[in-house]
Amino acid sequence: MSSSKDATLTRYPRQSSCLAIALPILFFVGCATTPLSKYNQSADLLPPVTADSPAAAAAESHSDIKGSTGKVQLPSDRMEPTVVRGQNGEEPAANDSFDAFYDDRPRQPMPVSGGDSVENRDQQVFDANVEPVQYGAPYDTSGRGDYGDPDNYPPPGSYPRRIGPPTIRPGDIGFGDGPDYAESSQPFTGRYADLEVNVQEQQTGRFMFGVGVNSDAGLTAQVVVDEYNFDWRRFPRGVEDVMNGTAFRGGGQRLRIEAVPGSQLQRYMINFTEPYLVLGGHQFSLNLSGYLYDRRYFDWDEQRLGGRVGLGYRLTPDLTLNTNIRMENVNINDPRIRGVTELEEVLGDSSLFTGTVAIRHDTRDSPFAPTEGHLIDLSFEQAFGTFSYPRGTAEYRRFFLLRERIDGSGRHVLGTSLQAGFSGSDTPLYEHFFAGGYSTIRGFRFRGASPKVNDVTVGGEFSLLGSFEYLFPITADDMLKGVVFCDYGTIEEEIEINKEDFRVAVGAGLRVTVPAMGPAPIALDLAIPIAREDTDRIQNFSFFVGLGR
């Protein structure tokens with residue numbers, strides 16, 4: 001190989017990074033001496049070397065390297081089969097040559113290291129021997145041990161890149177300081193090497209006690225036992241397993257036991273979730289729950305005893321498909337006023353069985369205080385039992401980030417929501433739609449903006465509710481925020497919209513975030529209805545306060 005000018009090598013420190021050989025016609029090739037586990041497809045590409053770099057000159061002066069236009073040929077006794085930049089990542093190397101090419105991004109020239117060497121005038125050593133580069137071993141994403149799936153191999157044209165956490169991030173639930181990646185200690189055996197990941201598990205079980213008060217449900221307490229790493233198959237083999245915390249742990253399942261006693265509402269629930277259920281080669285989530293619910297409404301008392309079986313499938317990171325079956329025994333008693341047909345026909349016990357299919361697209365950045373993204377939720381439910389009826393709901397929420405500080409704090413957010421629902425004519429009173437309160441239309445009492453019959457709130461079979469809300473920071477630390485809003489909507493006894501039944505309320509409020517009290521902020525709102533019915537029950541001030549430890 002010849003060059004139009006003399007090669008001059010300058011001093012570069014020895015590093016264990018990459019050998020680069022370049023031709024004077026703006027071609028290059030990269031090959032790393034770092035073990036395989038230092039690369040995969042999650043970081044920057046390997047940098048090339050320009051044609052006039054010292055490494056190129058050193059390689060050019062080596063007598064064992066023979067060149068041709070667009071190719072670099074290495075002696076077969078100096079090099080094992082390798083995967084390098086520009087080579088098809090799916091096929092093994094057929095010989096010891098590979099395409100070299102160039103891109104115009106500025107980079108520093110890289111010294112070569114190890115093996116045979118070339119000395120420059122300053123006696124700094126450079127290596128002209130190419131060592132093999134490996135990929136991380138193929139991984140199984142199917143849940144059935146299918147490592148031969150082409151999706152688990154590097155795609156054509158892929159390059160070795162530095163390994164980074166693929167899915168787990170520091171601070172994720174279940175991990176303390178995040179994963180520590182390291183290459184395995186095995187010698188080079190081919191294109192692939194195993195990757196060793198060491199993680200330190202943090203505490204996965206929690207015992208929580210909380211107290212809450214709001215204008216809809218009154219005063220409530222909450223006692224929760226929550227385990228994120230439950231394993232129903234790991235029965236204790238002795239007292240030691242119970243004492244050291246290994247009994248019923250280690251399967252990645254979730255068990256939540258909750259008790260919520262209160263002045264107007266009581267709820268007791270046990271919930272089990274298997275997030276990694278493999279059926280037919282596909283991964284689903286399974287949810288089983290049983291509950292006892294007791295609520296004292298203004299016009300009657302209601303008690304539900306039942307359970308739910310749910311199955312979910314994630315179509316994309318943001319899109320999920322869910323199905324569930326609900327089974328309940330519903331008891332309605334202690335009516336405030338007798339003689340109302342809708343209430344009389346549901347008094348006593350009734351059975352309720354429903355099947356639901358729902359699809360959800362959720363791109364919000366937070367479920368508690370979103371500032372960007374949207375939520376679209378569509379569901380259809382068919383009920384059987386004492387009453388038989390169809391039911392459909394649709395919900396859309398959108399959040400716009402209008403402005404923020406340079407560090408991401410001080411966010412001004414415009415939020416809008418719209419939800420609609422319909423239900424069949426055989427829908428029982430306790431499954432009707434209702435409106436009024438801080439979660440639907442502020443400025444009204446809980447369920448106070450709903451149709452009435454003889455002064456009994458009976459709700460309706462059609463619902464259309466919406467809201468506009470502007471949230472802005474008041475203090476620099478974002479712990480105190482202000483909000484202005486407009487809530488609107490209607491509940492109709494039949495599927496229709498009557499303008500005289502339409503309610504509108506405007507108002508303002510505060511959001512107080514106290515980290516020690518949990519993720520949900522304290523909400524204090526003052527609203528004034530500007531469109532209402534004479535029979536509506538007004539409540540200008542609404543609030544939500546929760547404390548959990």
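The values are calculated or read from the model by the stated rules, or taken from the named source; none is laboratory data. As the structure is a computational prediction, the values presented were derived from the model and not from experiment. Glycine also receives a Cβ, built like all others from the backbone with ideal geometry; neighbour counts cover every protein chain displayed.
Of note:
- Scanning the range 236-282 for residues that are of a type outside the set (Gly, Ala, Ser) and assigned to a loop (DSSP other than H, G, I, E, B) yields Pro236, Arg237, Asn244, Thr246, Phe248, Pro261, Gln264.
- Flag for Leu429 being of a type in the set (A, V, I, L, M, F, W, C) and in contact with a helix residue (DSSP H, G or I) (Cβ under 6 Å, 6 or more places away or on another chain): yes
- Selection status of Thr475, within 26 Å of the chain's Cα centre (by Cα), of a type in the set (Val, Ile, Thr) and more than 27 Å from Gly339 (Cα to Cα): no
- Residues of the range 272-289 that turn out to be under 16 Å from the mean Cα position of the chain (by Cα) and aromatic (Phe, Trp, Tyr), as a count: 2
- In the range 294-338, the residue that is farthest from Ile359 (Cα to Cα) out of those that are of a type in the set (Gly, Ala, Ser) and surrounded by 15 or more Cβ atoms within 10 Å (Cβ to Cβ) is Gly306.
- Among all positions in the range 422-436, there is no residue which is over 29 Å from Val330 (Cβ atoms) and assigned to a loop (DSSP other than H, G, I, E, B).
- Criterion (at positive phi, in the same structural domain as Pro521 (by TED's automatic domain parsing) and free of Cβ contacts under 8 Å to residues at least 40 places away in the same chain) met by exactly one of Gly459, Gly443: Gly459
So that you can scan it fast, the table gives a plain yes or no per residue for (1) under 22 Å from Asp534 (Cβ atoms); (2) buried (at least 19 other Cβ atoms within 10 Å of the Cβ):
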{"position": "Val413", "(1), (2)": "no, yes"}
{"position": "Thr416", "(1), (2)": "no, no"}
{"position": "Pro428", "(1), (2)": "no, yes"}
{"position": "Arg442", "(1), (2)": "yes, yes"}
{"position": "Ser450", "(1), (2)": "yes, yes"}
{"position": "Asp455", "(1), (2)": "yes, no"}
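- Checked against (1) touching a strand residue (DSSP E or B) at 6+ places or on another chain (Cβ under 6 Å); (2) surrounded by fewer than 19 Cβ atoms within 10 Å (Cβ to Cβ); (3) at pLDDT below 95, Tyr470 passes all but condition (3).
- Residue in the range 333-341 that is without any contact (Cβ under 8 Å) to a residue 12 or more places away in the chain, assigned to a loop (DSSP other than H, G, I, E, B) and not assigned by TED's automatic domain parsing to the domain that holds Gly424 present: yes
- Matching residues, the range 345-360, being buried (at least 16 other Cβ atoms within 10 Å of the Cβ) and either under 15 Å from the mean Cα position of the chain (by Cα) or at positive phi (or both): Arg360
- Restricting Ala527, Ala508 to residues that are more than 21 Å from Leu219 (Cα to Cα), without any contact (Cβ under 8 Å) to a residue 60 or more places away in the chain and not in a loop (DSSP other than H, G, I, E, B) narrows the list to Ala508.
- Restricting the range 484-505 to residues that are crowded, with 18+ Cβ neighbours inside 10 Å and of a type in the set (A, V, I, L, M, F, W, C), the residue that is nearest to Thr535 (Cα to Cα): Ile491
- Subset tally (residues that are touching a residue at least 24 places away in the same chain (Cβ under 8 Å), among the hydrophobic types (A, V, I, L, M, F, W, C) and part of a strand (DSSP E or B)) for the range 363-399: 5
- Only one of Val225, Val199, Val239 that is touching a strand residue (DSSP E or B) at 6+ places or on another chain (Cβ under 9 Å), aliphatic (A, V, I, L, M) and modelled with pLDDT of 85 or more: Val225
- From the options Arg398, Arg411, Arg391, Arg364, residue that is charged (D, E, K, R), under 23 Å from the mean Cα position of the chain (by Cα) and closer than 20 Å to Asn322 by Cβ: Arg364
- Tally, over the range 279-298, of residues that are of a type in the set (Gly, Ala, Ser) and modelled with pLDDT of 95 or more: 3
- One residue from Glu404, Glu342, Glu372 being in contact with a helix residue (DSSP H, G or I) (Cβ under 9 Å, 6 or more places away or on another chain) and either surrounded by fewer than 14 Cβ atoms within 10 Å (Cβ to Cβ) or of a type outside the set (Phe, Trp, Tyr) (or both): Glu342
- The residues listed here are Arg549, Arg503; of these, the one that is modelled with pLDDT under 95 and among the charged types (D, E, K, R) is Arg549.
- Ser263 vs. criteria surrounded by fewer than 14 Cβ atoms within 10 Å (Cβ to Cβ), outside the structural domain of Phe446 (by TED's automatic domain parsing) and not basic (Lys, Arg): yes
- Flag for Asp478 being part of a strand (DSSP E or B) and in contact (Cβ under 8 Å) with a residue 60 or more places away in the chain: no
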